[in-house]
Amino acid sequence: MAAAGGLPAESADEQGRGGLWAALAGLTTRGRSFLAAGVAAAICAFVLGQEDLLRVGLLLAVLPLVCTVVLYRTRYRVAGSRRLDPGRVPAGSEARVHLRIDNVSRLHTGLLMLQDRVPYVLGPRPRFVLDRVEAGGRREVSYRVRSDLRGRYPLGPLQLRLTDPFGMCELTRAFSAYDTLTVIPRTEPLPPVRLSGEAAGYGDGRHRSLALAGEDDVIPRGYRHGDDLRRVHWRSTARYGELMVRREEQPQRARCTVLLDTRDLAYAGAGPDSAFEWAVSGAASALTHMLERGFSVRLLTDTGSSVPGEGAGGFAGSTQDSSDSAGLMMDTLAVVDHSDGGGLSRAHDVLRGGNEGLLIGFFGDLDEEQATVAAKMRRRSGAAVAFVLDSVLWTRGGPERGPVEERLRLLREAGWTALAVRPGDALPDLWRQAGRERTNAGAASGGAAGTAGGWS
């Protein structure tokens, strides 16, 4: 439960010269009307020489001023807090926000109006009227928020409106703290299908280990960001002319890279039902599915940046808890936006650094040049599956399929299992289709290497 702050410090700050004048600005319409009527009555009484009218005018003018001073001088000590349940929700789902107000002073409060600031995409601004809160008492209220658009949305600061019993003046007190609601992409449960690949050690989430017999039998590999410098093998470094590290005997989990194409020019349209949002949701579903199946997973974009980017190769799931890894990548997908890049070369540079295991790509429009770059990514992967979205179909619904079919053919010739994504297509159905096509391709090649990998 996050404390949202309290009122005493704000009241103390208003003891300065401008505090009372700021309180006078809080006069309500009723208070201003009483003040104006009192002044007018006093002027008329002075002109007409009517003492009784003067008394009435003074009463009308003084009443709102007295209410303002009394409300300003009141020492309410109120603490507020906010709790989100849950703090991370899929797009289209609801979260409940719980607000709590504690009266920590020795005086009971008057009528309080509680208001929380929320972005307009989450719904109307919630307001609650709280009757007097006894000394040491508390009040709890809650409201629901919902967004069809993923993102990170600030909630707060919490505001309290204090009013006098006559409704002459209202003063607003704002707490300082706020919370953040993270709306992540929608995910769909994917069916278990088997994928046959050419590289050993992939699929079924099974482990393999590298046996070491001694210093002379060390199997070195190139240094990767995050490797422990104590594992540097200097003899191999001198031999190869680059920094090399020892392969330690340890369980190796199957690896999977989910590549998300975020290029602005590759997608058309906007909104929850756009092609880009389908690709983001598909990447989120694939990441969640592969982590649940025991893979070490990373998220890679066309800009070459990977998430989480920690450890050897930037993969998560082997040293981190799967739920933590999924949360980190989902938080990234919650705010991912279009990139200004025009190509996939940066992602290709990252992938060609080593054997990256299973590769799952979500692509927008691919011209011939970018389709060629994507085809080259397959060379360093045990198996590769591509979901290609054609913006023409998504924006116009037209039958123009010539270019996308040509790009799919180019990817398939390079070894990809490439599928076109049309409006209304469900990822679980395409997932099954990808599994069938990989199985058929493996059977056609005679299955010489057996089932070297798969999704479980």
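Quick look at the values:
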item: Answer residue from the stretch 283-332, given it is open to solvent by 20 Å² or more (accessible area, probe 1.4 Å) and of a type in the set (D, E, K, R) and is modelled with the highest pLDDT among those; result: D331
item: The listed residue being closer than 30 Å to L20 by Cβ, of a type outside the set (K, R) and open to solvent by 30 Å² or more (accessible area, probe 1.4 Å), out of V78, V121, V133, V56; result: V56
item: Sole residue being of a type outside the set (S, T, Y), open to solvent by less than 70 Å² (accessible area, probe 1.4 Å) and under 23 Å from L160 (Cα atoms), chosen from A45, A23; result: A23
item: Considering residues of the stretch 183-197 that are open to solvent by less than 10 Å² (accessible area, probe 1.4 Å) and in contact with a strand residue (DSSP E or B) (Cβ under 6 Å, 6 or more places away or on another chain) only, the residue modelled with the highest pLDDT; result: V183
item: Answer from L243, L265 - the residue that is modelled with pLDDT of 90 or more, more than 25 Å from R432 (Cβ to Cβ), hydrophobic (A, V, I, L, M, F, W, C) and open to solvent by 50 Å² or more (accessible area, probe 1.4 Å); result: L265
item: Qualifying residue in the stretch 101-123 (condition: more than 19 Å from T163 (Cα to Cα), over 36 Å from the mean Cα position of the chain (by Cα), in a loop (DSSP other than H, G, I, E, B) and not hydroxyl-bearing (S, T, Y)); result: no
item: Single unsatisfied condition, P86 versus (1) touching a strand residue (DSSP E or B) at 6+ places or on another chain (Cβ under 8 Å); (2) in contact (Cβ under 8 Å) with a residue 24 or more places away in the chain; result: (2)
item: Residue ID - modelled with the lowest pLDDT, chosen from residues in the stretch 136-157 that are open to solvent by less than 20 Å² (accessible area, probe 1.4 Å) and under 18 Å from the mean Cα position of the chain (by Cα); result: G156
item: Some residue of the stretch 246-257 being more than 26 Å from H289 (Cβ to Cβ), of a type in the set (S, T, Y) and at pLDDT 60 or above; result: no
item: Helices (runs of 4 or more DSSP H) (entirely within the stretch 4-54) containing at least 1 residues that are at pLDDT below 90 and among the small types (G, A, S); result: 8-13, 19-24
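The values are calculated or read from the model by the stated rules, or taken from the named source; none is laboratory data. The structure presented is a predicted model; accordingly, all values stated were derived computationally and were not measured. Counting neighbours? That spans all protein chains shown, and the Cβs are built from the backbone with ideal geometry, glycine included. Side chains included, ligands, DNA and RNA excluded: accessible areas come from the protein's heavy atoms. Shrake-Rupley method; radii C 1.70, N 1.55, O 1.52, S 1.80 Å.
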